[in-house]
1. Can you tell me how many residues in the range 90-132 are of a type in the set (Ser, Thr, Tyr) and part of a helix (DSSP H, G or I)?
2. Which ones in the range 49-61 are of a type outside the set (Lys, Arg) and either touching a residue at least 40 places away in the same chain (Cβ under 8 Å) or surrounded by fewer than 15 Cβ atoms within 10 Å (Cβ to Cβ) (or both)?
3. For the range 148-161, give me each residue that is farther than 18 Å from Ala219 by Cα, touching a residue at least 60 places away in the same chain (Cβ under 8 Å) and not in a strand (DSSP E or B).
4. Scan the range 151-197 residue by residue and report those that are small (Gly, Ala, Ser) and within 30 Å of Ser13 (Cβ to Cβ).
5. Out of the residues in the range 17-34 meeting the condition of being farther than 16 Å from Glu153 by Cβ and of a type in the set (A, V, I, L, M, F, W, C), tell me which one is surrounded by the fewest Cβ atoms within 10 Å (Cβ to Cβ).
6. Being surrounded by 19 or more Cβ atoms within 10 Å (Cβ to Cβ) and within 28 Å of Gly224 (Cα to Cα): is that true of Gln43 here?
7. Just to be sure before I move on: is Gly64 touching a helix residue (DSSP H, G or I) at 6+ places or on another chain (Cβ under 8 Å) and in contact (Cβ under 8 Å) with a residue 24 or more places away in the chain in the structure I sent?
8. Which numbered condition trips up Leu183, out of (1) over 18 Å from the mean Cα position of the chain (by Cα); (2) surrounded by fewer than 22 Cβ atoms within 10 Å (Cβ to Cβ)?
Amino acid sequence: MLARAAIEAAARSIVEARASLRPIGRWPEPHQPRDEADGYAIQEAVHTLLAERTGRGLGGYKIGCTTPTMQRQVGVDHPCYGGVQAASIVAGPADWNFGANRLVGVECEIAVRIGRGLGPEHAPFSRDSVAGHVSACMASAEIVEDRYVDRLEVGAAVLIADDFFNAGVVLGPERRDWRSLDLRALGGRTLVDGRSRGEGHGADVLGHPLEALAWIATALARRGRGLAPGMIVSLGSMVAAQRMVRGKTAIVAVDGLGEARVRFP
């Protein structure tokens, strides 16, 4: 495990790179995270710094690397998670400042809002057990940002430290009677200026979206963390990320959950 001073130095570098839109390249020694444990330790330090700057903390989490293709690209055999700042969670339709991010894109996802807190004391976690902690489901347009000179070269530990591409989330309307839906069978699609850019299903997210929620609850519990009431979790992409350009509008539509719409002026 990296020393505390190295963790904090790495976190400062990430926060400064985001603010300046400076791409992250090869990570300098001695701050290079050696493994995922280092990555998550730096990620938590990043969250602390961002909370100090914005006066707000985490609003939830995103889950990435839920497909074998992405896992092979990054060099892992499991998902990874990143934090989502409360200040970057907005209700759609929304305008997103295109100039605030470097190489921005949109992913089509299902998100949940946590009702009853979901912490280590509730382990072990399963799809059925976590369902009782979900107060609402919604369509989620995750805003992703490629902040790297070469996103494959930097490695999984650095991607984890930097919240795994997350820049924010635009949410569709909350559906509280979501239990009447078969989340696994729901179709999702991304449209850009009205043209389809890809389709998928809830089953594309670890076989069932709530399997992803059980996964992150387990992963957080291992670090003594949990999901607080009111938090949002964006569960993983059903459609590959779509790169956006200024002036475009993206719509993430999920059957039974409605749409999350975001424009990039």
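1. Initial filter on the range 90-132 (of a type in the set (Ser, Thr, Tyr)): 126, 129.
Okay, now just the ones that are also part of a helix (DSSP H, G or I), so 129.
The qualifying residues number 1.
2. Once the filter is applied, which keeps residues that are of a type outside the set (Lys, Arg) and either touching a residue at least 40 places away in the same chain (Cβ under 8 Å) or surrounded by fewer than 15 Cβ atoms within 10 Å (Cβ to Cβ) (or both), the range 49-61 yields Glu52, Thr54, Gly55, Leu58, Gly59, Gly60, Tyr61.
3. Here is the first cut: in the range 148-161, the residues farther than 18 Å from Ala219 by Cα are 148-155.
Within this subset, residues satisfying the condition of being touching a residue at least 60 places away in the same chain (Cβ under 8 Å) are 148-150, 152-155.
Across the range 148-161, the qualifying residues are Val149, Asp150, Leu152, Glu153, Val154, Gly155.
4. Step one: list which residues in the range 151-197 are small (Gly, Ala, Ser), which gives 155-157, 161, 167-168, 172, 180, 185, 187-188, 194, 196.
Hits for the range 151-197 are Gly155, Ala156, Ala157, Ala161, Ala167, Gly168.
5. The extreme case among them is Ala19.
6. Working: surrounded by 19 or more Cβ atoms within 10 Å (Cβ to Cβ): yes; within 28 Å of Gly224 (Cα to Cα): yes.
In short, yes.
7. Numbers: touching a helix residue (DSSP H, G or I) at 6+ places or on another chain (Cβ under 8 Å): yes; in contact (Cβ under 8 Å) with a residue 24 or more places away in the chain: yes.
Yes; evaluated as a whole, the condition is true for this residue.
8. Single failed check for Leu183: (2).
The values are calculated or read from the model by the stated rules, or taken from the named source; none is laboratory data. Since the model is a prediction, treat every value here as computed from it, not as a measurement. Note that we place each Cβ from the backbone using ideal geometry, even for glycine, and neighbour counts take in every protein chain shown.
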